[in-house]
Amino acid sequence: MSLKETIVRDLQAAMKSGDTIRLATLRTVRAALMEKEIERRGSATPMNEEDELAVLNSAAKRRKESIELFMAGGRNEMADQEAEELAIIQEYLPRPMTAQEVEDVVRRVIQEAGASGAKDFGKVMPAAMKQLKGKADGKQVHETVKRLLGG
């Protein structure tokens with residue numbers, strides 16, 4: 001069952017149970033998935049799991065940014081609602097990698113690229129992101145690469 005099908009099924013369950021926050025969040029996610037699907041219709045490749053995860057990661061990132069902004073503005077009730085929505089979205093995302101797992105992948109990429117210092121950042125970062133896309137936060141990968149290359 002695809003991610004979209006799972007979300008539609010869970011959306012129907014949320015309608016029946018009356019869970020308004022879950023219902024609103026899943027509707028938003030479903031709409032974003034449908035937008036991406038329509039966008040992909042013109043291309044030769046259909047929407048795949050990586051595209052679905054990119055949509056979910058984008059939605060999660062927006063919620064995280066909103067939480068920070070609401071907290072800074074003293075709007076704690078809005079931040080709490082965004083946190084609830086984020087928790088719902090994260091149910092559909094794969095478990096994020098730990099800092100140690102990210103570091104292990106980055107070390108392997110550095111070794112494969114033959115990188116030796118900060119000057120090789122441009123070689124290592126794209127290769128690391130390719131392997132960690134959807135599994136780790138880009139900011140975390142960036143900081144790990146920078147730290148390990150001595151930058």
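Just so you know, all these numbers are worked out from the coordinates, no wet-lab data involved. Bear in mind that the values here come from a model prediction, so they are computed numbers and not experimental data. Don't worry about glycine lacking a Cβ; one is built from the backbone with ideal geometry, like all the others, and counts go over all protein chains shown.
Using a 7 Å offset from the Cα along the Cα-to-Cβ direction at both Q140 and R95, what is the distance between the two label points in nm, to one decimal?
1.2
Suppose a student asked you for the relative contact order of the stretch 99-148, using Cα pairs under 8 Å spaced at least 6 residues apart; what percent would you report?
Here the relative contact order equals 46 percent.
For the chain, what is the relative contact order in percent, using Cα pairs closer than 8 Å and at least 6 residues apart in sequence?
Result for the chain is 19 percent.
Give, in whole angstrom and from largest to smallest, the semi-axes √(5λ) of the equivalent ellipsoid of the stretch 3-90, with λ running over the eigenvalues of the Cα gyration tensor.
26, 17, 8
Which shape class, rounded, prolate or oblate, goes with the stretch 99-148 when its Cα gyration tensor gives a ≥ b ≥ c as root eigenvalues, a/c under 1.5 marks rounded, and past that a/b bigger than b/c marks prolate?
Because a/c hits 1.5 or more and a/b exceeds b/c, the stretch 99-148 counts as prolate.
Under 17 Å Cα-Cα from K119, which aspartates and glutamates qualify once same-chain neighbours fewer than 8 residues away are excluded?
Correct list for K119: E143.
Structure shown: which of K4/K133; K64/K139; K16/K135; K36/K130 lie over 24 Å apart, alpha-carbon to alpha-carbon?
K16/K135
In whole angstrom, and with the biggest value first, how far do the Cα coordinates of the chain range along each principal axis?
Largest first, the chain extends 57, 46, 25 Å along its Cα principal axes.
For the stretch 88-94, take each phi angle, set θ = phi - 60°, evaluate the Karplus expression 6.51 cos²θ - 1.76 cosθ + 1.60, and give the result in whole Hz per residue in order, putting x for glycine and proline.
Per residue, the Karplus-derived 3J(HN,Hα) values read 5, 4, 5, 4, 9, 8, x Hz.
Under a 5 Å amide H to amide H cut-off, with H placed in plane at 1.01 Å, what residues pair with M47 once short-range neighbours are removed?
Correct list: empty.
Go through the stretch 118-129 residue by residue and turn each phi into a ³J(HN,Hα) via Karplus (6.51, -1.76, 1.60, θ = phi - 60°); whole Hz please, and just put x for glycine and proline.
4, 5, 8, 3, x, 7, 7, 4, x, 5, 5, 5
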